[in-house]
């Protein structure tokens, strides 16, 4: 094992320890937190964030950021929802194609603005965050797609599956994580994403097409937001033009950053991101159980994110001090 | 050299280059022979790096043609250059710090589909083979981040070998290296030459060019002014050709009166970095601090300036015990520190030069918190003329100035603060010979005005010419305190080389 792998291992181990400590301390107050039931609650909370986090991780690795994922989720969910409502004769799995395909197009549009006009991604996606949300209102005439229009087969994907009755969306989200792992570790373009984020100046000198890699990460981020969009319809059974996906980007970025992906690009792993998502899921599940009213939940939620980042920073600084001291006589 | 009997591997004819209408390279003809080490010399901005970058495909020439083995080639980008067997090795190698050494070696020569599999195992094996070929021990599985610059250069050279480059261009490779690393680099360069490859070596250090190179080409103001065998030129010839005018002996030391102790450091220790450091610097005295890179010299300077205070030991300033916990304390005591890496720690790149110059004296230019623009400008203009800083306007962003002029502006910043103690960390690294001479004059003047100066330098001639005393550090300890006259290249190196008494020397072994 090289020193590098050691550090990464330690980093992920750190998040895992935080998850265990958090669950044990909540369990000490509320023993029912440590039951299979709450595991099920947590696992049902994480799939959408997990899927969004994989896309966001790729974007951050390339030293960009995608703030528009919540709006892409909303717009793609609305597109499928309207298809379900106005074209009920269409076979319902086509909704997956519609949402994922539309998401990829929206993501490509982000990527094109970033590459062609050389605009910073944070500004571009802040703009499309509003643009895509606005399109959702225009398209839907500000009307919600109610439960009765969402196909029950789609809704049941969030309830069960033939495999131990574990809902399909949990398999889908972990499947996306495994695919992402394969993509970043074992394909050329996956490694090029790390290279681009690690040193954007050097990348073109080494024959990496900055345009291509940038377009790919934004397209994947959009497509995965689309997948999260159709699964939102599955999970909640409705699509609302203003609520659906709203604030999604903040949860996802929080999970990814807690998971150790660097905002400065080039650093981050799928395993860390998965753990970051799980930690966030645990917190979300614990708050109502602890009887914390909805009005204060978001403040606590934010505080936990900051706390996790501070702990991580302290651990890392100590690690750094130790390694420099060990390195010099 | 057998130039003339063999045909050139690479010929440039009439190469010219313009950047935004400014001509930086004019009508350059040059032949590179197989099996030679060819030096490119010239002041910064003379065009040697631009020429090298055109050959390596980083820039495209505005005019002229390149011929490789008798065939006209269009080196449109670095990838094509690499396929043609031309590799440029940058001074601070351009690498991907978060990727492994093996990946850094392979990136850029990957063909195939985007979704094609990364051949991790074969990649590792190939990388290990290349490292063995060079005879360097670098773990190819570790990330580039944390490798010494010397090791990063080795990785770049390995990359050149991986694509079987016939022309390898090294752009100022030795500036950040220790003498031992330079020796290793030279051994490898000579071996590559003996295999029939062509090495193009860009450097400011004449003694290195003399030690390594067969032929030398000198650039001045975008023109090639001479190409000769190195044995046919004296150092004076080379310098005259480079700067276009004869130079007087530029290393000199004026006699100054040495006064009372300005800075006394006693038993300064910081765990793992330096141990039990004691010395003093007197008013009017220039004390050199020599040693190898990594010996702890910069760490001592940072402790004195409060950037990373020592764990134990005392610092006295003008006879009074000083508590220095941060740079603010140090500045308050009249200490100034010109850091080694101006790009990182010295300049505010995007800000105008005048704001950079006045950055250390906010009270002077803004007595009540409101900046007096006229005063700021006047102070900056005064510094510009006194230090002969060359620029278009004091409103020009400092990042656009040449390295030497940036360094002068930083020096000007600290002179405005009127420090009584000045710590200079490698102040002349990477600046032109002509500007260096001015710098030496300035440092001499500063000492003559009664300032105490601690000069960290890796260039032995610089230490010997300027300093009244030379301290030497090795492995975090002070190993010599040599008076002027006693200090020589030999005595300094003797003290600087680690004695290997059981202490691991570098992070490579420990990490």
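The values are calculated or read from the model by the stated rules, or taken from the named source; none is laboratory data. What you are looking at is a predicted structure, and each value in this text was computed from that prediction instead of being measured. Note that we place each Cβ from the backbone using ideal geometry, even for glycine, and neighbour counts take in every protein chain shown.
Counting only residues that are touching a strand residue (DSSP E or B) at 6+ places or on another chain (Cβ under 7 Å) and either crowded, with 23+ Cβ neighbours inside 10 Å or away from chain A (no Cβ under 11 Å) (or both), the stretch B:88-97 holds 3 of them. Evaluation of residue A:215 against the conditions (1) farther than 30 Å from residue A:34 by Cβ; (2) within 14 Å of another protein chain (Cβ to nearest Cβ); (3) modelled with pLDDT under 95; (4) surrounded by fewer than 22 Cβ atoms within 10 Å (Cβ to Cβ) shows that the sole unmet condition is (3).
Residues that are part of a helix (DSSP H, G or I), loosely packed, with under 15 Cβ neighbours inside 10 Å and on the phi < 0 side of the Ramachandran plot are absent from the stretch B:301-310 altogether. For the stretch A:29-81, the tally of residues that are within 23 Å of residue A:156 (Cα to Cα) and either assigned to a helix (DSSP H, G or I) or without any contact (Cβ under 8 Å) to a residue 24 or more places away in the chain (or both) stands at 25.
Condition check ((1) at pLDDT 90 or above; (2) within 27 Å of residue A:257 (Cα to Cα); (3) over 23 Å from the mean Cα position of the chain (by Cα)) across all residues:
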| position | (1), (2), (3) |
| --- | --- |
| A:6 | no, yes, yes |
| A:42 | no, yes, no |
| A:62 | yes, yes, no |
| A:81 | yes, no, no |
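Taking the condition under 26 Å from the mean Cα position of the chain (by Cα), closer than 26 Å to residue B:149 by Cα, surrounded by 16 or more Cβ atoms within 10 Å (Cβ to Cβ) and more than 14 Å from chain A (Cβ to nearest Cβ), does residue B:273 pass? Answer is no for this residue.
Of the conditions (1) modelled with pLDDT of 85 or more; (2) not in a loop (DSSP other than H, G, I, E, B), residue B:407 satisfies every one except a single condition; which number is it? Result: residue B:407 fails condition (1) only. Tell me yes or no: at least one residue of the stretch B:331-340 is part of a helix (DSSP H, G or I), within 24 Å of residue B:406 (Cα to Cα), within 14 Å of chain A (Cβ to nearest Cβ) and touching a residue at least 60 places away in the same chain (Cβ under 8 Å). For the stretch B:331-340, residues part of a helix (DSSP H, G or I), within 24 Å of residue B:406 (Cα to Cα), within 14 Å of chain A (Cβ to nearest Cβ) and touching a residue at least 60 places away in the same chain (Cβ under 8 Å): absent.
Results for (1) modelled with pLDDT of 90 or more; (2) part of a helix (DSSP H, G or I); (3) touching a strand residue (DSSP E or B) at 6+ places or on another chain (Cβ under 7 Å), shown as yes or no for each residue.
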site	(1), (2), (3)
B:16	yes, no, yes
B:28	yes, no, yes
B:44	no, no, no
B:54	yes, yes, yes
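Apart from one condition, residue A:186 fits all of (1) crowded, with 21+ Cβ neighbours inside 10 Å; (2) in contact with a strand residue (DSSP E or B) (Cβ under 6 Å, 6 or more places away or on another chain); the exception is (1). Looking across the stretch A:196-205 at every residue that is within 7 Å of chain B (Cβ to nearest Cβ) and in contact (Cβ under 8 Å) with a residue 40 or more places away in the chain, the one that is farthest from residue A:262 (Cα to Cα) is identified as A:199. What number of residues in the stretch B:118-151 are within 12 Å of chain A (Cβ to nearest Cβ) and part of a helix (DSSP H, G or I)? Residues in the stretch B:118-151 being within 12 Å of chain A (Cβ to nearest Cβ) and part of a helix (DSSP H, G or I): 4 in total. When A:107, A:222 are screened for being under 26 Å from residue A:43 (Cα atoms), at pLDDT 95 or above and away from chain B (no Cβ under 14 Å), only A:222 passes. Return the residues of the stretch B:151-173 that are free of Cβ contacts under 8 Å to residues at least 40 places away in the same chain and crowded, with 22+ Cβ neighbours inside 10 Å; say none if nothing qualifies. Selection gives B:154 alone.
Can you find a residue in the stretch A:95-104 that is part of a loop (DSSP other than H, G, I, E, B) and exposed (fewer than 15 other Cβ atoms within 10 Å of the Cβ)? Taking every residue of the stretch A:95-104 in turn, none turns out to be part of a loop (DSSP other than H, G, I, E, B) and exposed (fewer than 15 other Cβ atoms within 10 Å of the Cβ). Just checking, does the stretch B:446-453 include any residue being within 22 Å of the chain's Cα centre (by Cα), crowded, with 21+ Cβ neighbours inside 10 Å and free of Cβ contacts under 8 Å to residues at least 60 places away in the same chain? For the stretch B:446-453, residues within 22 Å of the chain's Cα centre (by Cα), crowded, with 21+ Cβ neighbours inside 10 Å and free of Cβ contacts under 8 Å to residues at least 60 places away in the same chain: absent.
Exactly one residue out of A:166, A:193, A:208, A:189 is touching a helix residue (DSSP H, G or I) at 6+ places or on another chain (Cβ under 9 Å), assigned to a loop (DSSP other than H, G, I, E, B) and within 14 Å of chain B (Cβ to nearest Cβ): that is A:208. Is it the case, given these coordinates, that residue B:39 is in a loop (DSSP other than H, G, I, E, B), away from chain A (no Cβ under 14 Å) and touching a strand residue (DSSP E or B) at 6+ places or on another chain (Cβ under 8 Å)? The answer is no for residue B:39. Condition test on residue A:156, is it more than 23 Å from residue A:109 (Cβ to Cβ), surrounded by fewer than 20 Cβ atoms within 10 Å (Cβ to Cβ) and more than 13 Å from chain B (Cβ to nearest Cβ)? Judged against the criteria, residue A:156 is a match.
Among the residues of the stretch B:99-117, those that are at the interface with chain A (Cβ under 10 Å from one of its Cβ atoms), more than 24 Å from the chain's Cα centre (by Cα) and modelled with pLDDT of 85 or more comprise B:99, B:100, B:103.
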